[in-house]
Amino acid sequence: MKIYSNRKGFTLLEVVAVLVIMGIITAVALSRLVSNQNNLIATTDILTSHLRLAQARAMNTSADNVTTFSVWGISFSSSTQYYFFNCPNASACAPATNQVTLLGADSRIIMDLAPKGVQVTNGTPLVLAFDRFGTPYTDATLTTSLAAQLTLTLKDNKGNTRTINITPQTGMIIKG
């Protein structure tokens, strides 16, 4: 029986050890890469929900009154802050003086996106108001309806982006 002392290659144990180490490194790298967008994805979902809530409130609170229309909407005071507003009459609606509390909140809240590292890159200040039919407007007095699809682009501090599209007339709100 010959015994070869000049072996070339790797043992099965060495190959398995290298594969396990590569798997661990890959898992750590992927988890860090994916988690970088979690704040952006969550913020996009929250803003989409808030827009839909404002639209639903406008459609539900105005149905009982045919002569005056209650206006619900969201006003972006800067690229990182927005708040809800509700005006009992569209003809004299001023969002800044008609801020409302969110469901379950104790006081008026300005939603601040800065701590999450997210901003809305569209021109601000921006007002999105809804009438009793859910039609979107770009002013709180409901005189300028949305003429074309509005795309809100949210961007995080790493350069990742997500979009929310608002359709004119129907007011359909879709995450892009």
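Listing for the model above:
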quantity: Relative contact order [Cα under 8 Å, 6+ residues apart], the chain, whole percent; calculated: 20 percent
quantity: Helix-only CD estimate at 222 nm, as mean residue ellipticity for the chain, using -39500 (n - 2.57) per DSSP H run (n ≥ 4); calculated: -9500 deg cm²/dmol
quantity: Exposure proxy ranking, count of Cβ atoms within 10 Å, fewest first, for Tyr82, Tyr137; calculated: Tyr137, Tyr82
quantity: Cα long-axis angle, helix 38-61 against the chain (0 to 90 degrees, to the nearest 10); calculated: 20 degrees
quantity: Positive-pole candidate from Ala140, Pro168, Asn39, dipole of region 37-175, charges at beta carbon; calculated: Asn39
quantity: Rounded D (µm²/s) - region 37-175, Kirkwood Rh over Cα pairs, Stokes-Einstein at 4 °C, 1.567 mPa s; calculated: 86 µm²/s
quantity: Given 16 as the ceiling on other Cβ atoms within 10 Å, longest exposed-site-free region of the chain for trypsin sites (Lys or Arg not before Pro) in DSSP loops; calculated: 9-107
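Rule-based calculations on the coordinates, nothing more; no lab input. The structure presented is a predicted model; accordingly, all values stated were derived computationally and were not measured. Cβ coordinates were reconstructed from backbone atoms using ideal geometry, including for glycine residues, and neighbour counts include every protein chain displayed.
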